[in-house]
């Protein structure tokens, strides 16, 4: 059966406007050597490299304890911009030609990429579902706190811990992502350059995802009281779970009926702030999820056109 053209959430393709998060840097002068694209001096390649570098530097520089929900959201926005640049690159005819002839043919390179991006899309789809459950469970716990219902608070705390563990386990889905290779013995040409930049995108996506999932799963606000101060789950050999997010600190919800009005007011305010942070992560995660879908659709179109 003949393949059909696949559509996606399209955006206008722009080669000259870099993402907003690097606008403060002086623009680099780009000298395009020829009309054979993509080449190392092409604006999209430069834009991708700058975006990956900015994202890697900002996330690797953050110390444990200084990681906030705003930091997570910023990383997701940067990741979205990186994938939008890759999506633009995949729409260049020369890029499609390189992918089709690369690594021994279309069935090798593109099929591996399709598999990797299908894994990204599946995992971020699961993440969105789990974050929605986390948000709903946390909202229910806020109601139980206002009613000073210790039994329901304990039940919601247990459920939050289970959801957070499930989020942490998402990292294990990425152990086989990446490791693309150009055709054996091929010179370092546009094909090898393309494979390198795509590998970089895959690697930074895995790194950001590991910090995102690990940051949420290791946050005290989503652990059972008996587990506070401890990490849960074994550390993956390849993906290290980092410390929790600063705003997601535990709130003392023991013996609610004995707490004063002022203590209840402080606890409710803290829980409301955490709820807002969850909403922000949900929104930014959904936008990153859509950018991953778009990139995979563009890869499908390389295969089917």
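The values are calculated or read from the model by the stated rules, or taken from the named source; none is laboratory data. Because the structure is predicted, anything quoted here is derived from the model rather than measured. Cβ sites come from the backbone with ideal geometry, for glycine too, and all protein chains shown count toward neighbours.
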Residue 289 fails exactly one of (1) closer than 23 Å to residue 142 by Cα; (2) touching a helix residue (DSSP H, G or I) at 6+ places or on another chain (Cβ under 9 Å), namely (1)
Please specify each residue of segment 49-94 satisfying the condition of being in contact (Cβ under 8 Å) with a residue 60 or more places away in the chain, part of a loop (DSSP other than H, G, I, E, B) and under 19 Å from residue 294 (Cβ atoms).
91
If you scan segment 256-282, which residues turn out to be closer than 22 Å to residue 124 by Cβ and free of Cβ contacts under 8 Å to residues at least 60 places away in the same chain?
276
For residue 148, state whether it is touching a residue at least 12 places away in the same chain (Cβ under 8 Å) and under 27 Å from the mean Cα position of the chain (by Cα).
no
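Here is a check on your reading of the model: is residue 136 surrounded by fewer than 17 Cβ atoms within 10 Å (Cβ to Cβ), on the phi < 0 side of the Ramachandran plot and either assigned to a helix (DSSP H, G or I) or free of Cβ contacts under 8 Å to residues at least 40 places away in the same chain (or both)?
Criteria met by residue 136.
Can you find a residue in segment 95-102 that is over 26 Å from residue 199 (Cα atoms), crowded, with 17+ Cβ neighbours inside 10 Å, out of contact with any strand residue (DSSP E or B) (no Cβ under 6 Å at 6 or more places or on another chain) and in contact (Cβ under 8 Å) with a residue 60 or more places away in the chain?
No: segment 95-102 contains no residue that is over 26 Å from residue 199 (Cα atoms), crowded, with 17+ Cβ neighbours inside 10 Å, out of contact with any strand residue (DSSP E or B) (no Cβ under 6 Å at 6 or more places or on another chain) and in contact (Cβ under 8 Å) with a residue 60 or more places away in the chain.
Within segment 260-272, does at least one residue satisfy the condition of being in contact with a helix residue (DSSP H, G or I) (Cβ under 7 Å, 6 or more places away or on another chain), over 27 Å from residue 203 (Cα atoms) and modelled with pLDDT under 90? Working first, answer last.
Taking segment 260-272 as the starting set, the residues that turn out to be in contact with a helix residue (DSSP H, G or I) (Cβ under 7 Å, 6 or more places away or on another chain) are 267-268, 271.
Checking the rest, the ones that are also over 27 Å from residue 203 (Cα atoms) come to 267-268, 271.
Now drop any that are not modelled with pLDDT under 90, which leaves none.
No, every residue in segment 260-272 fails to be in contact with a helix residue (DSSP H, G or I) (Cβ under 7 Å, 6 or more places away or on another chain), over 27 Å from residue 203 (Cα atoms) and modelled with pLDDT under 90.
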Among 299, 256, the single one that is over 28 Å from residue 167 (Cα atoms), out of contact with any strand residue (DSSP E or B) (no Cβ under 9 Å at 6 or more places or on another chain) and either at pLDDT 90 or above or surrounded by 14 or more Cβ atoms within 10 Å (Cβ to Cβ) (or both) is 256
